[in-house]
Structures are given as C-alpha cells and as structure tokens.
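K.L.:
One structure, as structure tokens, below. Some questions next.
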Amino acid sequence: MQPTPGYRVGPMPRDERPIGVFDSGLGGLTVVRALLDLVPDERILYFGDTGRFPYGPKPADEVLKYSLEITDVLLARDVKMIVVACNSASAAALDHLQTHVGVPATGVIEPGVRAARRATRSGRIGVIGTVGTIQSGAYQRAAAALDPELEITCAACPGFVEFVEAGDVDSDQVHVLAERLLAPVLAADVDTLVLGCTHYPLLARTIADVMGANVVLVSSAEETAFDVRARLAGSTAAAPPADRVRFVTSGDVETFRRLGARFCGPEVEVVEAWSWS
C-alpha cells in the first residue's frame, strides 16, 4: 500500500526542533507524559485548546477548522512533527493534515487499534470515546483495514471528559455514570477495551472496576507515544534543555497548571496564554 501523500514513513533525519502536540483540553497531556518518558531527548510543545473545549459534541467541520488553526500556531513555532493527541480531532482532521501539512502528522486512533489487536484473545474489542469520535466511524474503519476479523463494539461516553477536566475521576457519580455508559461493551463480552479518548486514562481505575479484571485496557495515549518513538528511531535530537516541554492554553492558565499536573506531572509549570480573538 502506498503511503498517504505528505505522510513520511520510517526514520526522519536528525532534527532538534520540538514535537508539536495538541488536544481540545488537558487530555492530551497523557500523551505528553508518555512522550517525556519514551523519548527523553526530544523537546515538546503542547497546545491545549481549553478555551474551546470540548470537541466531542462539535460537528466534524468545526473540529477540522480548530485543528487547522492550532496546527498553524504550532508550525509557526517551527515544530518538526504534529501529534494530534485528541481522538475527535484525529477522526476529523488527521487525513487532511497528513495530506496538506509539510511535516509528518500522526494521531491516536490507529496506534490504539494496533495495540488492541495485539492484546485481544477473542477478537472482540470494545472502544469508548466521545460522541464525535464514535459517530465518525474512525475506529471501525481502522479496525477493518487492520484485520476484518475483529469484532468491534463502540460506545460513546458523554460526560467522562467533563468530569476529568473538572478534576473528578473517582467519585460515586463517575462510577455510576461508567456503569451506565459501559453497559454496551460489557454486554458484547469484549476482552479488550480501547480508551478512545486521551482523557480516559485518568478514569482507568473506575473503568477497570466496572469492566472487570479479565478485560485489558488499552491507552491510546501510551500507544501513540510508542508510535512517535518508532518514527523517530535513529533520529532523536541532542539532549534538550531542562525546560524541554512548553505549554500553551487558550483557556484559564491557572486551571491548566493546577489540573495539568494530575495528567502530566511536575513538568507543568510555565504555561503561556493564547487568545483566538
């Protein structure tokens, strides 16, 4: 199969520019955390569009517009690669970015499906995500392209992202919501569940409690970081400065800094404000 035009496959030349990562809010920081651990010699620039959060309920053309605007900001800051650390944006915009942007672009959907295929024993895989991601059919298409024998059951989980962005990941209310929203994948007797939103790893304990010990949870955040590392193999940058990760948000800076530490760790210190007006 020929690679998509504009989509570079295999190792990239040595390049000390940062990796650009973006998400609708804080969830993509789970990808940043994984990147910090897996590619410690790389610089990272993260844009969290918390001012226009959430993306999940928005129409695909609006999410595409936002994704292109953020990509322009990252490219203006000379990033060498775009990581769409948002399932809704990956579904709506990744194909366009891979075709029209002059640097490699990768998302979170295909890495998650590949990891689920490796993990499943029965071939029955569940996917949970935002309404926009599930309605897009992106996971179903990716699974069909990878292995038509896979049985995919998808469930939209409205409300999960809002709880995570509010810093509530383990309350009774979250558990009750999880029991209701996860019912379709439980009924399908899946043995593997893809957390098809980068916010969802923060809910992993609650989700695991509901799904049971026999179901493997696959984090698209971690798998995306592995995918980035593979693409950078043999071409990592020189050791970056101490402030190797930078953060920009279109929302409230103090809220981003406070909650961001829960997603990413102590690296979330200096946060730049961005205004779309």
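The values are calculated or read from the model by the stated rules, or taken from the named source; none is laboratory data. Keep in mind the model is a prediction, meaning the values are calculated, not measured. For neighbour counting, all protein chains shown are included, and Cβ atoms are generated from backbone atoms with ideal geometry for every residue, glycine included.
K.L.:
Cβ-Cβ below 9 Å, separation at least six or inter-chain, first residue in the stretch 254-265 and in contact (Cβ under 8 Å) with a residue 24 or more places away in the chain and farther than 13 Å from GLY167 by Cβ, second charged (D, E, K, R) and assigned to a helix (DSSP H, G or I): which pairs?
P.N.:
That search, which allows pairs on different chains as well, returns CYS264/ARG33; GLY265/ARG33.
K.L.:
Still on this structure, please answer the following. Go through the stretch 16-36 and count every residue that is farther than 21 Å from PRO104 by Cβ and surrounded by fewer than 20 Cβ atoms within 10 Å (Cβ to Cβ).
P.N.:
Counting residues in the stretch 16-36 that are farther than 21 Å from PRO104 by Cβ and surrounded by fewer than 20 Cβ atoms within 10 Å (Cβ to Cβ) gives 0.
K.L.:
Okay, next question. For the stretch 158-179, check the following and say yes or no: at least one residue is of a type in the set (A, V, I, L, M) and under 17 Å from VAL108 (Cβ atoms). Can you show your working first?
P.N.:
Let us first name the residues in the stretch 158-179 that are of a type in the set (A, V, I, L, M), namely 161, 164, 166, 169, 174, 176-178.
Narrowing the set further to residues that are under 17 Å from VAL108 (Cβ atoms) leaves 161, 164.
Within the stretch 158-179 (the criterion being of a type in the set (A, V, I, L, M) and under 17 Å from VAL108 (Cβ atoms)), the answer is yes, since at least one residue qualifies.
K.L.:
Still on this structure: Given the condition in a strand (DSSP E or B) and touching a Lys or Arg at 6+ places or on another chain (Cβ under 8 Å), answer yes or no: does some residue in the stretch 136-155 qualify? Write out each step before concluding.
P.N.:
Step one: filter the stretch 136-155 for residues in a strand (DSSP E or B), giving 151-155.
Retained after the next criterion (residues that are touching a Lys or Arg at 6+ places or on another chain (Cβ under 8 Å)): 151, 153.
Yes, there is a match, as at least one residue in the stretch 136-155 is in a strand (DSSP E or B) and touching a Lys or Arg at 6+ places or on another chain (Cβ under 8 Å).
K.L.:
Follow-up question, since we're still on this one. Scan the stretch 13-40 residue by residue and report those that are assigned to a loop (DSSP other than H, G, I, E, B) and more than 20 Å from GLY251 (Cα to Cα). Write out each step before concluding.
P.N.:
First pass over the stretch 13-40, keeping only residues assigned to a loop (DSSP other than H, G, I, E, B): 13-18, 24-28, 39-40.
Matches in the stretch 13-40: PRO13, ARG14, ASP15, GLU16, ARG17, PRO18, VAL39, PRO40.
K.L.:
How many residues, within the stretch 156-176, are in a helix (DSSP H, G or I) and not acidic (Asp, Glu)?
P.N.:
Taking the stretch 156-176 as the starting set, the residues that turn out to be in a helix (DSSP H, G or I) are 160-165, 172-176.
Of the ones still in play, those that are also not acidic (Asp, Glu) are 160-161, 163-164, 173-176.
Number of matching residues: 8.
K.L.:
Considering only residues that are assigned to a helix (DSSP H, G or I), surrounded by 22 or more Cβ atoms within 10 Å (Cβ to Cβ) and among the hydrophobic types (A, V, I, L, M, F, W, C), which ones fall in the stretch 41-92?
P.N.:
Residues of the stretch 41-92 that are assigned to a helix (DSSP H, G or I), as a first pass: 50-52, 60-76, 87-92.
Pick out the ones that are also surrounded by 22 or more Cβ atoms within 10 Å (Cβ to Cβ) and you get 50, 63, 66-67, 70-71, 74, 87-92.
Scanning the stretch 41-92 gives VAL63, ILE70, LEU74, ALA89, ALA91, ALA92.
K.L.:
Only one of these conditions is not met by ILE82: (1) assigned by TED's automatic domain parsing to the domain that holds LEU193; (2) touching a strand residue (DSSP E or B) at 6+ places or on another chain (Cβ under 8 Å). Which number is it?
P.N.:
With respect to (1) assigned by TED's automatic domain parsing to the domain that holds LEU193; (2) touching a strand residue (DSSP E or B) at 6+ places or on another chain (Cβ under 8 Å), ILE82 is out only on (1).
K.L.:
Sticking with this structure for a sec: Which numbered condition trips up MET12, out of (1) at pLDDT 90 or above; (2) touching a helix residue (DSSP H, G or I) at 6+ places or on another chain (Cβ under 9 Å); (3) surrounded by 16 or more Cβ atoms within 10 Å (Cβ to Cβ)?
P.N.:
The one condition MET12 does not meet is (1).
K.L.:
Any residue in the stretch 100-123 that is closer than 25 Å to ASP78 by Cα sitting within a Cβ distance under 7 Å of a residue that is basic (Lys, Arg) and in a loop (DSSP other than H, G, I, E, B)? List the pairs, counting only those 6 or more apart or interchain.
P.N.:
Qualifying pairs under 7 Å: VAL103/LYS80; PRO104/ARG8.
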